[in-house]
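S.K.: One structure, pasted below without further comment.
The values are calculated or read from the model by the stated rules, or taken from the named source; none is laboratory data. Quick caveat: nothing in here was measured; it's all calculated off a predicted structure. Here the Cβ is made from the backbone with ideal geometry for all residues, glycine too, and neighbour counts use every protein chain on show. With ligands, DNA and RNA removed, areas are computed over all heavy atoms of the protein, side chains included. Shrake-Rupley method; radii C 1.70, N 1.55, O 1.52, S 1.80 Å.
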Amino acid sequence: MIWNPNKECMSRDEMHSLQSKRLQKLVTYVYHNVPFYRNKMQAMDVAPEDINSIDDIVKLPFTTKQDLRDNYPYGLQAAPASEIIRVHASSGTTGNPTIVGYTRKDLAVWSEVMTRCLTAYGITRDDTFSVSYGYGLFTGGLGAHYGVENLGATVIPTSTGNTEKHIRLIRDLKTTGIACTPSYALYLAETLDKMGLTKDDISLRVGAFGAEPWTENMRHEIEERLGLKGYNLYGLSEIMGPGVSYECSEQNGSHICEDHFYPEIINPDTLEQLPYGEQGELVFTTLTKEGMPLLRYRTKDLCSLMDGECACGRTSVRMGRIVGRSDDMLIIRGINVFPSQVESVILEMQEFEPQYMLVVDRVNNLDTLQVQVEVRRNFFSDDIGSMLAMKKALGDKLKSVLSIGVDVRLMEPGSIERSQGKGKHVIDNRKLK
Amino acid sequence: MRIKQLSVFLENKTGRINEVAKILGKHGFNMHAFSMAETPDFGILRLIVSDADRAVEVLREENFAVMLTDVVCISCSNEAGALSSILEHLAEKEVFIEYMYAFAEGDKANVVIRANDIDRCVEVLQQCGCNIFDSL
């Protein structure tokens, strides 16, 4: 099923001309409303008049996460504050979160693209759909929520946590669809087991999984254990939230809503645009966004793009699976974590040596993060209570900065391996193959 | 009346206690008493050795986090109720005990006490005629 055939199945020529028109309008808009972009464009000697087609996008400057941080909180916002009706935030790497403001039209576009995803998964107004992404500053919960409402299906805003109650609701309300992280889906399967239930006791048939990397093996396991078909759902808060791209029944790459989000693949070192089929860093330009439009935002996600009409009838460009990151960001339980965030917290506390190690694992299908730190000799105490208080203080600080619970492990001074040159700070034991 | 106790910070890792014992042995320190306090990820090894000050230096050279803590060591008779009568005095005078460890053999029991207020602890123990070690 296709929600918006006009756009999703547009001929390539029409799409090219729509994207060109929208890019011209966007560039004029940010040039006059966002000093950051005006300065950048002037420095590159590019004016809005130089952009005549979507192919001219290569003349435009890139935007990075660092730019968003440097312009915290509203420096990149193009619309006046009176037009902003909602704000989301994603975790920042060194204190500043990334703030994204949405206008009423932005939210309408978000609902529209999210509805396209759900329709591609086979969800209709007859379905009951559980949104089990976190609700709040994170875009997952509310983003998916309004898509389900827009489609007209029944939304169950379960958010995360209280898994047994959640499963009872899935069973009793005959929930047919669910959106959550793939690792939470596996956790649901396990809890189902523990409650003495099987996939035959529930009616789930569609899962929209995203917000963290996952593999074909995880897909098969989730499908097998929950009795549903699992689809990829991609998005990022800087661009919009969930709904940027989605898998169709063919499951051969994820269709990008490219009338709103123009994708490019670049070589992360030379910043050159790469042709379809080549692997590189994924870059998005928000063609229609009003609140915080971004030119050529570098996602740091590594993948490739595919063109050509899909057997499902859609003509939009598809992105392959994310194969990695061009930076050191970790995605833990759907939350972005940078080792530098942990480092800055540790450096602030004089009780610890500036040596640390992040150990990421997946236990019972849930990601875990252990932070190992060395206690400074002169802060060691014979009193276990004060040692545990030191450990808790670090854990609390990390939790408030990272937004996820952390298992702090106090280590002996000198026990964490020192490396020559670039320090190795992460051990990722998750098997994502 | 105070005895210097060594406290060594140890990760929960097989063989770590032996590392300490080996180093102390190699340098000719004799251990008189020790106990191990543990949490899920780390432990504190508390020991009383001959020449605590030098033992601290040696362990620090080997990169251990070590500190000295004052404790009181007493000896009481190894019979039912002996310890209780001593502790009763301490409690009465509001001396709080953070931890203690002990070992009894023959007709004597030796007890190491770490109190929140060591001076007061010593004073109370002296008043009740308890046998306090000057050194071990």
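S.K.: Any idea how many residues of the stretch A:103-140 are closer than 17 Å to A:LEU173 by Cβ and not in a strand (DSSP E or B)?
M.R.: Qualifying residue count for the region: 6.
S.K.: Quick one: which of A:TYR187, A:TYR146 is open to solvent by 10 Å² or more (accessible area, probe 1.4 Å), within 30 Å of A:VAL323 (Cβ to Cβ) and in a helix (DSSP H, G or I)?
M.R.: Unique residue meeting the criteria: A:TYR187.
S.K.: Here is a follow-up. Scan B:GLY43, B:GLY28 and give me the residue that is assigned to a loop (DSSP other than H, G, I, E, B) and not hydrophobic (A, V, I, L, M, F, W, C).
M.R.: Matching residue, one of B:GLY43, B:GLY28: B:GLY28.
S.K.: Say whether the condition of being more than 16 Å from the chain's Cα centre (by Cα), closer than 30 Å to A:LYS392 by Cα, open to solvent by 10 Å² or more (accessible area, probe 1.4 Å) and without any contact (Cβ under 8 Å) to a residue 12 or more places away in the chain is met by at least one residue in the stretch B:77-87.
M.R.: No, the stretch B:77-87 contains no residue that is more than 16 Å from the chain's Cα centre (by Cα), closer than 30 Å to A:LYS392 by Cα, open to solvent by 10 Å² or more (accessible area, probe 1.4 Å) and without any contact (Cβ under 8 Å) to a residue 12 or more places away in the chain.
S.K.: Taking B:ARG16, is it surrounded by 16 or more Cβ atoms within 10 Å (Cβ to Cβ) and among the basic types (Lys, Arg)?
M.R.: When the stated conditions are applied, B:ARG16 passes them.
S.K.: When you go through B:ASP51, B:ASP41 one by one, which is the residue that is acidic (Asp, Glu) and within 13 Å of another protein chain (Cβ to nearest Cβ)?
M.R.: Being acidic (Asp, Glu) and within 13 Å of another protein chain (Cβ to nearest Cβ) holds for just one of B:ASP51, B:ASP41, which is B:ASP41.
S.K.: Here's a follow-up. Can you list the strands (runs of 3 or more DSSP E) found entirely within the stretch A:333-399 that contain at least 3 residues being surrounded by 20 or more Cβ atoms within 10 Å (Cβ to Cβ)?
M.R.: A:352-363, A:366-375
S.K.: Next up: Against the condition within 30 Å of A:THR28 (Cα to Cα), touching an Asp or Glu at 6+ places or on another chain (Cβ under 6 Å) and buried (at least 20 other Cβ atoms within 10 Å of the Cβ), how does A:THR139 come out, does it pass?
M.R.: Criteria not met by A:THR139.
S.K.: I'm trying to understand the selection: among the residues of the stretch A:361-387, which are more than 9 Å from chain B (Cβ to nearest Cβ) and either over 37 Å from the mean Cα position of the chain (by Cα) or aliphatic (A, V, I, L, M) (or both)?
M.R.: Passing the criteria: A:VAL363, A:LEU366, A:LEU369, A:VAL371, A:VAL373, A:SER386.
S.K.: Listed residues B:LEU87, B:LEU24; which is away from every other protein chain (no Cβ under 14 Å) and within 23 Å of B:GLN126 (Cβ to Cβ)?
M.R.: It is B:LEU87.
Listed here are the residues, each with its yes/no results for (1) out of contact with any Gly (no Cβ under 6 Å at 6 or more places or on another chain); (2) assigned by TED's automatic domain parsing to the domain that holds A:PRO339; (3) touching a residue at least 12 places away in the same chain (Cβ under 8 Å).
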residue: A:ASP70; (1), (2), (3): yes, no, no
residue: A:ALA79; (1), (2), (3): no, no, yes
residue: A:HIS88; (1), (2), (3): yes, no, yes
residue: A:TYR102; (1), (2), (3): no, no, yes
residue: A:LEU118; (1), (2), (3): no, no, yes
residue: A:SER130; (1), (2), (3): yes, no, yes
residue: A:GLY134; (1), (2), (3): no, no, yes
residue: A:HIS145; (1), (2), (3): yes, no, yes
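S.K.: Just need a number here: residues in the stretch A:314-323 that are open to solvent by less than 20 Å² (accessible area, probe 1.4 Å) and either in a loop (DSSP other than H, G, I, E, B) or under 12 Å from A:GLU281 (Cα atoms) (or both).
M.R.: Total satisfying the criteria: 6.
S.K.: Further, regarding this structure: Step by step: first the residues of the stretch B:20-74, then only those that are in contact with an Asp or Glu (Cβ under 8 Å, 6 or more places away or on another chain) and under 23 Å from B:ASP117 (Cα atoms), then the one that is surrounded by the fewest Cβ atoms within 10 Å (Cβ to Cβ). Which residue is that?
M.R.: The qualifying residue surrounded by the fewest Cβ atoms within 10 Å (Cβ to Cβ) is B:LEU68.
S.K.: Okay, next question. Can you name the residue in the stretch A:270-312 that is more than 25 Å from A:ALA108 (Cβ to Cβ) and among the charged types (D, E, K, R) and, of all such residues, is least open to solvent (accessible area, probe 1.4 Å)?
M.R.: Checking each candidate, the answer is A:GLU281.
S.K.: Sticking with this one: Give the stretch A:38-77 a look and list any residue that's surrounded by 13 or more Cβ atoms within 10 Å (Cβ to Cβ), in contact with a strand residue (DSSP E or B) (Cβ under 8 Å, 6 or more places away or on another chain) and part of a helix (DSSP H, G or I), or say none.
M.R.: Matches in the stretch A:38-77: A:ILE54, A:ILE57, A:LYS65, A:LEU68, A:ARG69.
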